[in-house]
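The values are calculated or read from the model by the stated rules, or taken from the named source; none is laboratory data. What you see is a predicted model; the values in this text were computed from it and never measured. Counting neighbours? That spans all protein chains shown, and the Cβs are built from the backbone with ideal geometry, glycine included.
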Amino acid sequence: MTHRLPLVAALAALLAASVSAMRVDNFVLTDQTGTAQELFDDGDAKAVVLTVQGNGCPVVRNALIDLAAVRERFKGDPVRFLMINSNLQDDQESVREEAEEWGIDLPILIDETQDIGEALLFTRTAEAFVIDTRSRSVAYRGPINDRLVYERQREKADNHYVIDALAAVLAGEQPMVKSVAAIGCLINFPARGEKSTPREKHHH
């Protein structure tokens, strides 16, 4: 009997990845219209797509068309779409104005204490989180697709990360790609520097 080590190694890596998936605790935040939104309040949703928004960020504005395409692709499927703003400088009124100007018809949760941004380790806007509601964990985090890169955008994407991740979650599977570096505008977390890890304090 021969042991298929590559397969065993692959299964071990997959198991490790699934075990180490970031857990997401339920939370309630008020959106730009003053409505309280609970993350896991829709009992039918198998997945939640939570996209990080920031007023005036060109990357977020450019990504709106991609987000709209994802929503269209999963119309009628048990997927809930939300946005969240963790910028200290953006208040409910200014977020509502941004949403009206750019035709955003999704709830944008106002994370004014930055508690959720800290818990989910936000670094940049335009990052999308695909959350599996059954395991309450992050199945994928990163850009919606690879159409947008710094300083330019391509006509169409080659990799549709959020669509692929959603399809996997709805099928009860793990996405092939679990994370891609976010490319949006930096979010300032004043308290984060005070508790930086030794790894972040390296000297050149």
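Worth pointing out:
- Candidates 21, 63, filtered to the one that is at pLDDT below 95 and either hydroxyl-bearing (Ser, Thr, Tyr) or buried (at least 20 other Cβ atoms within 10 Å of the Cβ) (or both): 63
- Residue match in region 100-110 (condition: under 20 Å from residue 178 (Cβ atoms), of a type in the set (A, V, I, L, M, F, W, C) and surrounded by 14 or more Cβ atoms within 10 Å (Cβ to Cβ)): no
- From the options 139, 168, residue that is modelled with pLDDT of 95 or more and assigned to a helix (DSSP H, G or I): 168
- Exactly one residue among 94, 179 is within 17 Å of the chain's Cα centre (by Cα) and either among the basic types (Lys, Arg) or over 19 Å from residue 68 (Cβ atoms) (or both), and that residue is 179.
- Scanning region 83-98 for residues that are in a strand (DSSP E or B) and either more than 19 Å from residue 36 (Cα to Cα) or out of contact with any strand residue (DSSP E or B) (no Cβ under 7 Å at 6 or more places or on another chain) (or both) gives no hits.
Conditions tested, residue by residue: (1) part of a loop (DSSP other than H, G, I, E, B); (2) modelled with pLDDT under 95; (3) closer than 23 Å to residue 71 by Cα.
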position	(1), (2), (3)
100	no, no, yes
105	yes, no, yes
158	yes, yes, yes
204	yes, yes, no
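- Residue 116 in a helix (DSSP H, G or I) and either surrounded by 17 or more Cβ atoms within 10 Å (Cβ to Cβ) or at pLDDT 95 or above (or both): yes
- Check on residue 93, surrounded by fewer than 11 Cβ atoms within 10 Å (Cβ to Cβ), of a type outside the set (Val, Ile, Thr), modelled with pLDDT of 95 or more and over 26 Å from residue 186 (Cβ atoms): no
- Only one entry in 66, 44, 115, 77 is over 21 Å from residue 169 (Cβ atoms) and either in contact with a Lys or Arg (Cβ under 6 Å, 6 or more places away or on another chain) or of a type outside the set (Phe, Trp, Tyr) (or both), namely 115.
- Scanning region 145-165 turns up no residue that is in contact (Cβ under 8 Å) with a residue 60 or more places away in the chain, surrounded by 21 or more Cβ atoms within 10 Å (Cβ to Cβ), of a type in the set (Phe, Trp, Tyr) and under 25 Å from residue 27 (Cβ atoms).
- Of all residues in region 64-82, those satisfying the criterion of being in contact (Cβ under 8 Å) with a residue 12 or more places away in the chain, farther than 15 Å from residue 105 by Cβ and not in a strand (DSSP E or B) are 66, 73, 74, 77, 78.
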